[in-house]
Amino acid sequence: MLGWACKAKIRVFMKVYKIEGAKNSFALVSFLKESNVPDRASVEGMSALSRLAAKICADHQILMDGCVFVFPSDDLDFSWEFFNSDGSDALMC
């Protein structure tokens, strides 16, 4: 479990799982069972996820190549957002 302090001095804890594939390692953060899910429809929400991805990937304990956020979906089993280690959008096929 990792924790970060934000500007408001609030400490946030979340489970971050390390997954590996194609000789890369990724951080996986699931919001499937969370009541406080980030708003992906807004620019601010996506920007916050991007910054969080960069922060998780730069953590000295768990250097990662990218970060995957998993969200609940009304139509599918789940949906996800994938970011590179610098917080930029990762393109997937």
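Which value, in debye to the nearest 20, gives the size of the charge dipole of region 22-93 about its Cα centre, when Lys and Arg are +1 and Asp and Glu are -1 at the Cβ?
Dipole size: approximately 260 debye.
Using only alpha carbon pairs under 8 Å that are at least six residues apart, calculate the relative contact order of region 24-90 and give it in whole percent.
36
Could you sort 69-79, 48-58, 20-30 so that the peptide with the highest average Cβ count within 10 Å comes first and the rest follow in order?
48-58, 20-30, 69-79
Would you mind calculating the gained length between Asp86 and Asp65 on full extension (0.36 nm times residue separation, minus the Cα-Cα distance), in nm to one decimal?
6.7 nm
How big is the Kirkwood radius of region 37-93, worked out from every pair of different alpha carbons and given in Å to one decimal? List each step's numbers first, then the result.
Details: mean 1/r = 0.0846 Å⁻¹.
About 11.8 Å for region 37-93.
Any read-out appearing in this document is the output of simple, stated calculations on the displayed coordinates, not a laboratory observation. Since we're looking at a predicted model, the values are computed, not measured. Virtual Cβ from ideal backbone geometry, glycine too; neighbours counted across all protein chains shown.
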